[in-house]
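Here the structure comes first, spelled out in structure tokens, and everything after it is commentary.
The values are calculated or read from the model by the stated rules, or taken from the named source; none is laboratory data. Computed from a predicted structure; not experimentally measured. Backbone-built Cβ (ideal geometry, glycine too); neighbour counts: all protein chains shown.
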Amino acid sequence: MKFKKSLAIMLVLCLMATLFVGCGNNEDPGEEQGEELRQYTMGTMGATGGYMMLGTGIAKIVNDNIDYINLTPVQSPKGSVENVQAIQSGERELGIASSNVVLDGIEVRTPDFTEPVTEVNGWFCAHYGITYSIVLEDSGIKTWKDMEGKKIAIGTVGSNDAYLAENIFFPMNGVDPAKVDIEYLGMSDAMSQMKDGHIDGYIGTGAPKVAGILDMTNSRETRFVPMEQEAIDKCLEAYPEFIIKPMTQEDMPAMVMDAAEYPTVAMKHVVIIDKDIDEETVYNMTKYVFENLEEIYAVKAEFNVITLEDALDGMPCDVHPGAMKYFKEQGIA
């Protein structure tokens, strides 16, 4: 009897163990398929800026739909430049960058890159940023040339905005950067300093109707200083990845403008990705993002310019094969 009782207990224990293992497999489909959780990071910019908001929206879609990926957006003090460099070095898997910076890395056009970027593919083109050149109305600044001798913020040290202002926008507009009292401040800090009257103006890129500048125009009289058409033409000739988008009174009702609309130099923001991520994973990521764009639109109204039809418009580099497979299926490539 004791032997039979022991045998029965052993059978019960074996059955429980089998059931436990089976339940464990059902709890994690990724483990059942032998797929370990992949930790991916996406470089953005500041904690409250558009890049972080877009990265957060993308990450939520990916994480909600692909069990074996945990995508985390992270801050990048230097923005676009840092995001390209971080994928090239293997530090991160994804990032967001201005199209001109991606091309800077591929063609080694700036001191930020000492050798060609080879590990970065494009994922898709996102929203675009226009060039804001704004000043306090009581600063007396009416033209770009008037910025000489004035305190102008142009972005943080090493940022794309700072590089554009010092090396492209100032020279193309006949401004000697050495004669400008430059302050290296990002948009948020610059708006705070302008409100307090500590600086005269700000030059940087941002989405149309960007909240920080909209708030600035409602706090103090703020003037938009347009580029001359000749300067815009020079920019487009030297940097063909630039595009023209309008700055309108409708977008910024309180902005002091001498016309209802001005052309600005603008650039596409591109989501970039490590070329070594496998094709199937990037295909699935692409599919889920573009099937759930409404979630991204809900994060920020300005993101509604992100569409499947424009996903490759302005792409400055090779597109990842996984993304390209999806785009070809949708008939846009």
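For segment 253-262, which positions are in contact with a helix residue (DSSP H, G or I) (Cβ under 6 Å, 6 or more places away or on another chain) and either assigned to a strand (DSSP E or B) or modelled with pLDDT under 95 (or both)?
Result: V256, single match.
May I ask you to verify whether E237 is within 16 Å of V265 (Cβ to Cβ) and surrounded by fewer than 18 Cβ atoms within 10 Å (Cβ to Cβ)?
Answer is yes for this residue.
Please state which one of V210, V117, V157 is modelled with pLDDT under 95, surrounded by fewer than 22 Cβ atoms within 10 Å (Cβ to Cβ) and of a type in the set (A, V, I, L, M).
Among V210, V117, V157, only V157 is modelled with pLDDT under 95, surrounded by fewer than 22 Cβ atoms within 10 Å (Cβ to Cβ) and of a type in the set (A, V, I, L, M).
Report the residue count in segment 108-165 for those that are of a type in the set (V, I, T) and assigned to a strand (DSSP E or B).
Final tally of qualifying residues: 6.
If K142 satisfies every condition in (1) free of Cβ contacts under 8 Å to residues at least 40 places away in the same chain; (2) farther than 29 Å from T56 by Cα; (3) charged (D, E, K, R) but one, which is the exception?
That leaves (1) as the condition not met.
Going by what's in this entry, would G206 be described as under 19 Å from S159 (Cα atoms), more than 23 Å from the chain's Cα centre (by Cα) and in contact (Cβ under 8 Å) with a residue 60 or more places away in the chain?
So G206 fails the test.
Can you confirm whether G90 is small (G, A, S), modelled with pLDDT of 95 or more and surrounded by fewer than 21 Cβ atoms within 10 Å (Cβ to Cβ)?
yes
Going through segment 310-333 one residue at a time, which ones are over 23 Å from D251 (Cβ atoms), of a type outside the set (S, T, N, Q) and outside any helix (DSSP H, G or I)?
Once the filter is applied, which keeps residues that are over 23 Å from D251 (Cβ atoms), of a type outside the set (S, T, N, Q) and outside any helix (DSSP H, G or I), segment 310-333 yields A311, L312, M315, P316, C317, D318, V319, H320, G331, I332, A333.
Name, by its number, the condition in (1) closer than 17 Å to I130 by Cβ; (2) buried (at least 16 other Cβ atoms within 10 Å of the Cβ) that does not hold for L312.
Exception for L312: condition (1).
Considering only segment 292-302, state which residues are surrounded by 13 or more Cβ atoms within 10 Å (Cβ to Cβ) and either under 21 Å from F242 (Cβ atoms) or not hydrophobic (A, V, I, L, M, F, W, C) (or both).
Within segment 292-302, N292, E295, Y297, K300, E302 qualify.
Run down T307, T286, T281 and say which single residue is outside any helix (DSSP H, G or I) and either assigned by TED's automatic domain parsing to the domain that holds V81 or touching a helix residue (DSSP H, G or I) at 6+ places or on another chain (Cβ under 7 Å) (or both).
Checking each option against the conditions leaves just T307.
If you scan segment 275-304, which residues turn out to be within 18 Å of G322 (Cα to Cα) and in contact with a His (Cβ under 6 Å, 6 or more places away or on another chain)?
V282
Taking only pairs six or more apart or across chains, which ones have beta-carbon atoms under 9 Å, a first residue in segment 181-194 that is touching a residue at least 12 places away in the same chain (Cβ under 8 Å), and a second residue that is among the aromatic types (F, W, Y)?
Correct list of pairs: E183/Y202; L185/Y202; M187/Y132; M187/Y202; A190/Y202; M191/Y202; Q193/Y202; M194/Y202.
Test of understanding: among K328, K287, K300, which residue is out of contact with any Cys (no Cβ under 9 Å at 6 or more places or on another chain) and modelled with pLDDT under 95?
Exactly one residue qualifies, and that residue is K300.
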